[in-house]
Amino acid sequence: MTEKTTRPEDPNYRAVTVERVASRHYRATNAKGDTLDFGQGEGLLTPVELLLAAIAGCSAIDVDVVTGRKSEPETFTVHSSGLRKVDENKAVSLDDIEVSFNVRFPATEEGEKARSMVDRLIKLSAEKDCTVSRTVEHGASVTFINEDKQS
């Protein structure tokens, strides 16, 4: 366990607080007070599913914001998947994460303009714009801290 290295006064600082609601049921809250429940059990996404959703959602926003200026999509779904793996030390992780877009626009001039942008926007998201997938791909230091000084 180490000291905190993040600085809330830094304009690049991002944070959520996770609280236990019930056994295996948790609630994440951001600085604005928005919440999302997750955990293990009926009606709850697991943390791994949230990670996959965050990857898909980040790139979905990148594509949707730009194409949406040209045309409203008829179909817009993003499927994110990965394989759970256990290494020789019994450490668990995800590998071979894949993000698949199914985006369709109306057969109009505006729809065609939007459709023609999708491949380039997916590539930009993967290579530059999606903070979530780039963090996963390039790794980030993760520090765990026990704030209960009695332990």
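Results, tabulated for the structure shown:
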item: For A56: the one exception among (1) part of a helix (DSSP H, G or I); (2) more than 23 Å from S141 (Cβ to Cβ); (3) open to solvent by 70 Å² or more (accessible area, probe 1.4 Å); result: (3)
item: Verdict on V63 being in a helix (DSSP H, G or I) and not acidic (D, E); result: yes
item: Residues of region 105-143 that turn out to be assigned to a helix (DSSP H, G or I), closer than 16 Å to L94 by Cβ and open to solvent by less than 90 Å² (accessible area, probe 1.4 Å), as a count; result: 5
item: The one condition in (1) open to solvent by less than 100 Å² (accessible area, probe 1.4 Å); (2) not in a strand (DSSP E or B) that K32 fails to fulfil; result: (1)
item: Residue pairs meeting the criteria (Cβ under 6 Å; at least 6 apart or on separate chains; first more than 30 Å from V48 (Cα to Cα), in region 96-112; second among the aromatic types (F, W, Y) and open to solvent by less than 100 Å² (accessible area, probe 1.4 Å)); result: G111/F105
item: Subset of region 68-84 (residues that are in contact with a strand residue (DSSP E or B) (Cβ under 7 Å, 6 or more places away or on another chain), over 20 Å from L45 (Cβ atoms) and open to solvent by less than 90 Å² (accessible area, probe 1.4 Å)); result: P73, T75
item: Qualifying residue in region 42-50 (condition: more than 30 Å from E110 (Cα to Cα), of a type in the set (D, E, K, R), outside any loop (DSSP other than H, G, I, E, B) and under 12 Å from the mean Cα position of the chain (by Cα)); result: yes
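The values are calculated or read from the model by the stated rules, or taken from the named source; none is laboratory data. No experiment lies behind these values; they were computed from the predicted model shown. Because the Cβ atoms are built from the backbone with ideal geometry, glycine has one as well, and the counts that use them run over all protein chains shown. These area figures cover heavy atoms from the full protein model, side chains too; ligands, DNA and RNA do not enter into them. Shrake-Rupley method; radii C 1.70, N 1.55, O 1.52, S 1.80 Å.
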